[in-house]
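Enquirer: Handing you a structure now.
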Amino acid sequence: MMNARDNTSLFEGAIKVLTAAQIRQADAYTILHEPIRSLDLMERAASLAAAEIEKKIKKEQCIDVVCGPGNNGGDGLVIARLLHLKGYKVCAYLVNESLELSEDCNTSSESLRKLKDNLLNELKTGAELPDFPGDVVVDALFGTGLSRKIGGMAAAIIEKINQSKATVIAVDIPSGLYADAATPADYPVVHADYTLTFQTPKLCFFFAMNEQYVGEWKVLDIGLHKEFIGNLDSNKYYVTKEQVEHWMEPRAKFSHKGNFGHAFLVAGSEGMLGAAILSATACLRTGTGLLTAHIPKSGVPVFLGTLPEAMVHADSSDQVFTGLDENETDRATAIGAGPGLSGDERTQEGMRQLIKQKKPMVLDADALNILSAHPDLLDLLQTEAILTPHPKEFERLAGKSEDDFQRHEKQISFSMKYGVITVLKGAHSCIAFPDGSCCFNSTGNPAMATGGSGDVLTGVILGLLAQGFSPGKAAIAGVYVHGLAGDLAVQEIGKVGLLASDIVSHIPAALMRLCGEDGTT
């Protein structure tokens with residue numbers, strides 16, 4: 001069903017995550033080489049944002065558009081004009097403490113004034129501030145270039161917006177939020193329900209610390225020069241369906257199980273056999289030809305009774321993993337370890353033996369905790385071994401972080417130091433590579449925050465590794481497929497009560513979406 005043995009680049013088809021400075025460069029290059037006037041580019045971006053806002057609001061709702069003196073404010077003024085011309089009830093506010101507007105913002109304000117409908121209210125120093133009693137507030141105060149603390153009237157207006165009961169829609173980025181760094185906790189930031197961002201997601205969108213500001217977000221392609229963006233230096237990417245589906249292909253007519261690899265999974269301990277079963281089932285559902293699970297001896301009857309499609313090798317211990325027999329992994333094309341293991345001293349010694357195996361490998365859960373307890377083992381890992389920690393497990397591996405941005409940098413440094421691929425699990429799981437690059441996943445939902453979900457991910461990645469995916473592609477595709485399976489499951493089951501086994505059962509449907517076998521492209 002799948003073939004990753006091609007020459008497609010790891011990030012071909014992904015979206016580059018650009019810095020605020022790079023976005024400004026892309027704007028300038030597009031204006032010069034498309035060519036297009038900056039005012040027309042503003043019109044293009046604002047019209048796309050206005051169209052999205054129309055999808056979220058009703059004609060009878062009142063809309064307050066709050067605009068700053070720069071080009072982000074100019075976007076807001078154009079949005080206000082376009083919505084008004086469509087028949088929406090709009091009131092625009094231009095916050096102008098300095099009495100200086102950018103050229104395009106000034107032109108856009110004049111266009112709004114010419115409508116002669118008293119749409120525009122200019123707020124200068126000392127003006128009485130509105131309470132924004134409308135149903136919707138569009139935040140176009142400040143854009144991605146902000147790098148200082150907001151004070152004065154602008155800070156007071158942000159407080160008013162946050163105190164309002166309106167639905168808040170931010171244009172490009174919530175005002176006050178830094179695009180590329182952690183915003184200090186005492187800074188005023190708009191709390192948006194929705195963010196409509198231009199061309200590329202901003203780094204700050206991917207971190208839990210900013211969820212309260214960003215809300216639900218969507219990228220609008222405003223047509224910045226694609227060749228220029230392609231040549232920009234960036235080590236951060238956003239995963240897309242187009243990126244992952246390049247690595248998939250239907251199975252040949254005369255395929256047999258030997259064509260799709262042999263996965264070897266070390267998992268389970270007394271009381272934790274379920275983790276092994278979930279991971280093993282996910283591995284088989286991902287399409288590996290054969291699977292052997294190494295589990296404690298006492299778990300064999302239950303395991304085989306639940307998953308007869310698997311083969312089993314029983315450990316000498318009834319309770320825990322203690323080590324491998326000679327040549328036990330010879331037939332394996334990839335190894336996975338960790339789900340449901342224990343921290344038993346015998347398991348720690350068994351792990352030392354396991355990680356010396358010269359096979360593609362994915363490690364999770366207690367396998368990672370053993371690495372944390374014995375840091376010398378990190379130096380024994382094979383190049384591009386895949387580690388899949390959640391934030392607490394990563395903290396044990398790499399130390400505490402002050403915020404999500406620092407944790408992100410530690411993740412990249414950790415992967416570079418040890419030559420491994422680190423999958424830091426979360427709402428936008430980040431996959432970091434030994435060369436310093438990384439990508440953020442685009443699938444998944446909060447219903448997947450349930451026990452066993454990580455065990456399923458280990459099984460999916462192992463299944464792809466066993467079939468011959470390179471470690472990098474197995475990590476990216478594994479995280480994407482895992483999240484997509486969760487998205488399909490939540491459509492049937494709902495956002496509460498989803499089980500890890502529900503994710504497993506939707507893996508084949510997720511793979512069909514990528515391979516096009518259900519008619520979906």
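The values are calculated or read from the model by the stated rules, or taken from the named source; none is laboratory data. What you are looking at is a predicted structure, and each value in this text was computed from that prediction instead of being measured. Note that each Cβ is placed from the backbone with ideal geometry, even for glycine, and that neighbours are counted across all protein chains shown.
Enquirer: Quick check on the stretch 288-339: of everything there that is more than 36 Å from the chain's Cα centre (by Cα) and part of a strand (DSSP E or B), which residue is nearest to Met272 (Cα to Cα)?
Expert: Filtering first and then ranking leaves Ala314.
Enquirer: How many residues, within the stretch 457-495, are within 18 Å of the chain's Cα centre (by Cα) and under 14 Å from Ile507 (Cα atoms)?
Expert: Taking the stretch 457-495 as the starting set, the residues that turn out to be within 18 Å of the chain's Cα centre (by Cα) are 457-458, 460-461, 472-488, 490.
From what's left, under 14 Å from Ile507 (Cα atoms): 457-458, 460-461, 477-488, 490.
Total meeting the criteria: 17.
Enquirer: Can you name every residue in the stretch 124-152 that is at pLDDT below 90 and among the hydroxyl-bearing types (Ser, Thr, Tyr)?
Expert: Thr125, Ser147
Enquirer: Go through the stretch 211-228 and report how many residues are in a helix (DSSP H, G or I) and either under 25 Å from Asp404 (Cβ atoms) or not assigned by TED's automatic domain parsing to the domain that holds Ala20 (or both). Full working, then the answer.
Expert: Going through the stretch 211-228, the residues in a helix (DSSP H, G or I) turn out to be 211-214, 226-228.
This time we only want the ones that are either under 25 Å from Asp404 (Cβ atoms) or not assigned by TED's automatic domain parsing to the domain that holds Ala20 (or both), so: 211-214.
Selection size over the stretch 211-228: 4.
Enquirer: Which residues, counting only those in the stretch 338-372, are touching a Lys or Arg at 6+ places or on another chain (Cβ under 8 Å) and hydrophobic (A, V, I, L, M, F, W, C)? Can you show your working first?
Expert: Filtering the stretch 338-372 for residues touching a Lys or Arg at 6+ places or on another chain (Cβ under 8 Å) gives 368-369, 372.
Within the stretch 338-372, Leu368 is the sole residue that qualifies.
Enquirer: Out of all the residues in the stretch 390-421, which are part of a loop (DSSP other than H, G, I, E, B) and hydroxyl-bearing (Ser, Thr, Tyr)? Full working, then the answer.
Expert: Narrowing the stretch 390-421 to residues part of a loop (DSSP other than H, G, I, E, B): 390, 399-403, 419-420.
Of everything in the stretch 390-421, just one residue is part of a loop (DSSP other than H, G, I, E, B) and hydroxyl-bearing (Ser, Thr, Tyr), namely Ser401.
Enquirer: Of the residues in the stretch 427-449, how many are under 19 Å from Gly338 (Cα atoms) and without any contact (Cβ under 8 Å) to a residue 24 or more places away in the chain?
Expert: 1
Enquirer: State whether one or more residues within the stretch 413-427 are out of contact with any strand residue (DSSP E or B) (no Cβ under 7 Å at 6 or more places or on another chain), at pLDDT 95 or above, of a type in the set (Lys, Arg) and crowded, with 21+ Cβ neighbours inside 10 Å.
Expert: First, the residues of the stretch 413-427 that are out of contact with any strand residue (DSSP E or B) (no Cβ under 7 Å at 6 or more places or on another chain): 413, 416-419, 425-427.
Narrowing further to those that are at pLDDT 95 or above: 413, 416-419, 425-427.
Still in the running and of a type in the set (Lys, Arg): 417, 425.
Those still in the list that are crowded, with 21+ Cβ neighbours inside 10 Å too: 425.
So far as the stretch 413-427 goes, yes, one or more of its residues are out of contact with any strand residue (DSSP E or B) (no Cβ under 7 Å at 6 or more places or on another chain), at pLDDT 95 or above, of a type in the set (Lys, Arg) and crowded, with 21+ Cβ neighbours inside 10 Å.
Enquirer: Consider Tyr93 carefully, then state whether it is of a type in the set (Phe, Trp, Tyr) and over 23 Å from Gly151 (Cβ atoms). Walk me through it before giving the result.
Expert: Working: of a type in the set (Phe, Trp, Tyr): yes; over 23 Å from Gly151 (Cβ atoms): no.
No.
Enquirer: Filter the stretch 155-196 down to the residues that are buried (at least 23 other Cβ atoms within 10 Å of the Cβ) and among the hydroxyl-bearing types (Ser, Thr, Tyr), then identify the one that is nearest to the chain's Cα centre (by Cα).
Expert: Residue satisfying both the conditions and the ranking: Thr195.
Enquirer: To continue, here is another question. Look through the stretch 229-246, keep the residues that are assigned to a loop (DSSP other than H, G, I, E, B) and at pLDDT 95 or above, and return whichever of them is surrounded by the most Cβ atoms within 10 Å (Cβ to Cβ).
Expert: Quick first cut of the stretch 229-246, residues assigned to a loop (DSSP other than H, G, I, E, B) only: 232-235, 239-240, 246.
Of the ones still in play, those that are also at pLDDT 95 or above are 232-235, 239-240.
Details: Leu232: 14, Asp233: 7, Ser234: 15, Asn235: 15, Val239: 24, Thr240: 15.
Here the residue is Val239.
Enquirer: Here is a further query. How about the stretch 72-91: which of its residues are hydrophobic (A, V, I, L, M, F, W, C) and either within 34 Å of the chain's Cα centre (by Cα) or not assigned by TED's automatic domain parsing to the domain that holds Glu110 (or both)?
Expert: We begin by selecting, within the stretch 72-91, every residue hydrophobic (A, V, I, L, M, F, W, C); these are 77-80, 82-83, 85, 90-91.
Answer for the stretch 72-91, where residues must be hydrophobic (A, V, I, L, M, F, W, C) and either within 34 Å of the chain's Cα centre (by Cα) or not assigned by TED's automatic domain parsing to the domain that holds Glu110 (or both): Leu77, Val78, Ile79, Ala80, Leu82, Leu83.
Enquirer: Do the conditions hold for Ser429, that is, is it over 22 Å from Gly459 (Cα atoms) and of a type in the set (Ser, Thr, Tyr)? Walk me through how you get there before you give the answer.
Expert: Numbers: over 22 Å from Gly459 (Cα atoms): no; of a type in the set (Ser, Thr, Tyr): yes.
So Ser429 does not fit the description; no.
Enquirer: Restricting the stretch 132-154 to residues that are closer than 17 Å to Ser98 by Cα and exposed (fewer than 14 other Cβ atoms within 10 Å of the Cβ), which is farthest from the chain's Cα centre (by Cα)?
Expert: Gly152
Enquirer: Can you name every residue in the stretch 94-140 that is in a loop (DSSP other than H, G, I, E, B), of a type in the set (A, V, I, L, M, F, W, C) and farther than 23 Å from Asp40 by Cβ?
Expert: Restricting attention to the stretch 94-140, the residues satisfying the condition of being in a loop (DSSP other than H, G, I, E, B) are 96-102, 114-119, 124-135.
Right, trim to of a type in the set (A, V, I, L, M, F, W, C) and you get 99, 101, 115, 119, 127, 129, 132.
Residues satisfying the conditions are Leu99, Ala127, Leu129, Phe132.
Enquirer: Give me the pairs: first residue in the stretch 22-40 and assigned by TED's automatic domain parsing to the domain that holds Gly145 and part of a loop (DSSP other than H, G, I, E, B), second residue surrounded by 14 or more Cβ atoms within 10 Å (Cβ to Cβ) and of a type in the set (Ser, Thr, Tyr), beta-carbon distance under 8 Å, and six or more apart or on different chains, which are they?
Expert: Ile36/Thr30
Enquirer: Quick one: would you say Val17 is touching a Pro at 6+ places or on another chain (Cβ under 9 Å), in contact (Cβ under 8 Å) with a residue 12 or more places away in the chain and surrounded by 16 or more Cβ atoms within 10 Å (Cβ to Cβ)? Outline the logic, then answer.
Expert: Numbers: touching a Pro at 6+ places or on another chain (Cβ under 9 Å): yes; in contact (Cβ under 8 Å) with a residue 12 or more places away in the chain: yes; surrounded by 16 or more Cβ atoms within 10 Å (Cβ to Cβ): yes.
In short, yes.
Enquirer: Picking from Tyr88, Tyr93, which residue would you name as being within 22 Å of Ala192 (Cβ to Cβ), in contact with a strand residue (DSSP E or B) (Cβ under 8 Å, 6 or more places away or on another chain), aromatic (Phe, Trp, Tyr) and buried (at least 22 other Cβ atoms within 10 Å of the Cβ)? Even if it seems obvious, please write down each step before you answer.
Expert: Working: Tyr88 fails: buried (at least 22 other Cβ atoms within 10 Å of the Cβ).
Exactly one residue qualifies, and that residue is Tyr93.
Enquirer: In addition: Among the residues of the stretch 369-376, is there at least one that is part of a loop (DSSP other than H, G, I, E, B) and at pLDDT 95 or above? Let's see the steps before the verdict.
Expert: At the first step, the residues of the stretch 369-376 found to be part of a loop (DSSP other than H, G, I, E, B) are 374.
Filter again for at pLDDT 95 or above, leaving 374.
Yes: one or more hits.
Enquirer: Oh, and also: Considering only residues that are among the aliphatic types (A, V, I, L, M) and either farther than 16 Å from Leu291 by Cβ or assigned to a loop (DSSP other than H, G, I, E, B) (or both), which ones fall in the stretch 340-368? Break it down stepwise before answering.
Expert: Filtering the stretch 340-368 for residues among the aliphatic types (A, V, I, L, M) gives 341, 351, 354-355, 361-363, 365, 367-368.
Passing the criteria: Leu341, Met351, Leu354, Ile355, Leu363, Ala365, Ala367, Leu368.
Enquirer: Among Leu462, Leu424, Leu488, which is the only one that is free of Cβ contacts under 8 Å to residues at least 40 places away in the same chain and closer than 27 Å to Ala385 by Cβ?
Expert: On the way: Leu462 fails: free of Cβ contacts under 8 Å to residues at least 40 places away in the same chain; Leu488 fails: closer than 27 Å to Ala385 by Cβ.
Checking each option against the conditions leaves just Leu424.
Enquirer: Residues that are crowded, with 18+ Cβ neighbours inside 10 Å, in a helix (DSSP H, G or I), in contact (Cβ under 8 Å) with a residue 12 or more places away in the chain and among the small types (Gly, Ala, Ser): does the stretch 54-72 have at least one?
Expert: no
Enquirer: Exactly one condition in (1) of a type outside the set (A, V, I, L, M); (2) surrounded by fewer than 17 Cβ atoms within 10 Å (Cβ to Cβ); (3) modelled with pLDDT of 95 or more is not met by Glu326; state its number.
Expert: All conditions pass for Glu326, except number (3).
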